[in-house]
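Below is one structure, written out as structure tokens, with a few remarks after it.
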Amino acid sequence: MSHSNHNQNFDYQRYYVQSNLVYYNSALAHILLFVVYVWIGHPLLLLSNALALVADVFAIYLNRKARYGFAGLVFIGLITLHAITNLVVLGLNVGFQYYFFNMAALIIFTNWQLRYKLIGVAIQFILFISMDFMLQQTIPIVILSDMARGWFHAFNVLMNMLALGHSPLFYMSAAQQAQQALSLQATTDYLTGVANRNATMESLEKHLSESRKKIYGIGLIMADIDRFKSINDTYGHLVGDAIIRYVSTCLSENLRQEDHLGRYGGEEFIMILKAKDTETVAEIAERMRRKIEEKPVIIDGRPISVTVSFGVVYQKPYQIELSVEQLIDEVDMMLYHSKTSGRNKVSVKEI
């Protein structure tokens, strides 16, 4: 699945959840209103409320069929008709004109094309102005008591405030999730899921800064898959990618949660550890080396032997503090020593 298709499916899923919440809340409100309309006793209100409830249920059904646009059209159309009916029968004082604002906001939220959104919002605005103008001097068909009108008005204000307030909260949540996804994408290696090179360099800088304040040693391990070009040439790049992921998993399984693992580039990885001595870091690297050497990778039923060379540098506390670049150069030299002295080895240096 492509990255764009994944994002599109994620957006549709969020829309499904959000719109369903609107439809379910609306259905609950219309169930409660049935009691009120039975008490008022006007058949047109009962019919209008029944149609609105049908719209809620039908919109939920259409959403499950992934017909989001049509679901929105059915819901907005019948709820608008419901608001008009209530205004004609009960008058402006009960507050059903506020639903035109709510429907306009919902239209903006839909996944309709922009021109249809603009048309829909314009219709809601025209309906609001028209109903307000026509009903200002019109006597309602049903005259409610002042208390009943007050309760009805308060109920409609509350429902519209809750509905209008929910959309900004949803968009804020969606924006936060998008920001987190972008941040993760910017710091994560796409193939292995571990930190990428930039994030690893930032982590090393942070570890060095903290070690100067808290006085602890820094262990740096650089790992490189042996004869990786030959693996790619023999088995293909897809197998090569699978082996990179496998090695990444093996390295990760031998680290603590507070340790850092990053892909430095190609088939190279860097690990950053807080450690008390050189031997501890060297033992971790040796354990990784043996684990990868002793267990062939099984890909499509074929065992493929893989080995990894390691360079290890340990900077003791209270020693001359090297920069990030200097530490990388030191561990790279240790890795080079492992490569040139037969591969599948761990070379260690204490600074």
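The values are calculated or read from the model by the stated rules, or taken from the named source; none is laboratory data. A quick note: this is a predicted structure, and the numbers were derived from the prediction, not measured. Heads up, the Cβs are rebuilt from the backbone with ideal geometry, glycines too, and the neighbour counts pull from every protein chain shown.
Testing residue 43 on (1) surrounded by 18 or more Cβ atoms within 10 Å (Cβ to Cβ); (2) at pLDDT 90 or above, one condition comes back false. Which one is that?
(1)
Look at residue 277 and say whether it is free of Cβ contacts under 8 Å to residues at least 60 places away in the same chain and among the acidic types (Asp, Glu).
Here the answer is no, as residue 277 does not meet what is asked.
Scan segment 96-113 and tell me whether some residue there is within 23 Å of residue 38 (Cβ to Cβ), of a type outside the set (Lys, Arg) and crowded, with 19+ Cβ neighbours inside 10 Å.
Checked segment 96-113: at least one residue is within 23 Å of residue 38 (Cβ to Cβ), of a type outside the set (Lys, Arg) and crowded, with 19+ Cβ neighbours inside 10 Å.
Residue by residue, here is whether (1) modelled with pLDDT under 90; (2) of a type in the set (Asp, Glu); (3) crowded, with 21+ Cβ neighbours inside 10 Å holds:
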position: 262; (1), (2), (3): no, no, yes
position: 278; (1), (2), (3): no, no, no
position: 323; (1), (2), (3): yes, no, no
position: 331; (1), (2), (3): no, no, yes
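Just checking, which of 251, 204 is farther than 24 Å from residue 340 by Cα and either assigned to a helix (DSSP H, G or I) or of a type in the set (Phe, Trp, Tyr) (or both)?
When all the criteria are applied, what remains is 204.
Being farther than 25 Å from residue 199 by Cα and hydrophobic (A, V, I, L, M, F, W, C), is that true of even one residue in segment 230-237?
Yes, segment 230-237 contains at least one residue that is farther than 25 Å from residue 199 by Cα and hydrophobic (A, V, I, L, M, F, W, C).
Kindly indicate which of 248, 230, 252, 203 is of a type in the set (Gly, Ala, Ser) and exposed (fewer than 12 other Cβ atoms within 10 Å of the Cβ).
The unique qualifying residue is 230.
Quick one: would you say residue 346 is β-branched (Val, Ile, Thr), at pLDDT 95 or above and more than 38 Å from the chain's Cα centre (by Cα)?
Yes.
Under 7 Å by Cβ, and 6 or more places apart or on different chains, what pairs join a residue from segment 193-211 that is under 16 Å from residue 265 (Cβ atoms) with one that is modelled with pLDDT of 90 or more and of a type in the set (Asp, Glu)?
What qualifies is 195/189; 196/189.
Being under 30 Å from residue 16 (Cβ atoms), touching a helix residue (DSSP H, G or I) at 6+ places or on another chain (Cβ under 7 Å) and surrounded by fewer than 19 Cβ atoms within 10 Å (Cβ to Cβ): is that true of residue 75 here?
So residue 75 does not fit the description; no.
Would you point out the residue of segment 233-245, among those that are under 29 Å from the mean Cα position of the chain (by Cα) and not hydrophobic (A, V, I, L, M, F, W, C), that is surrounded by the most Cβ atoms within 10 Å (Cβ to Cβ)?
Once the filter is applied, the top-ranked residue is 245.
Going residue by residue through segment 225-247, is there one that turns out to be in contact with a helix residue (DSSP H, G or I) (Cβ under 9 Å, 6 or more places away or on another chain) and either outside any helix (DSSP H, G or I) or within 19 Å of residue 317 (Cβ to Cβ) (or both)?
Scanning segment 225-247, I find at least one residue that is in contact with a helix residue (DSSP H, G or I) (Cβ under 9 Å, 6 or more places away or on another chain) and either outside any helix (DSSP H, G or I) or within 19 Å of residue 317 (Cβ to Cβ) (or both), so the answer is yes.
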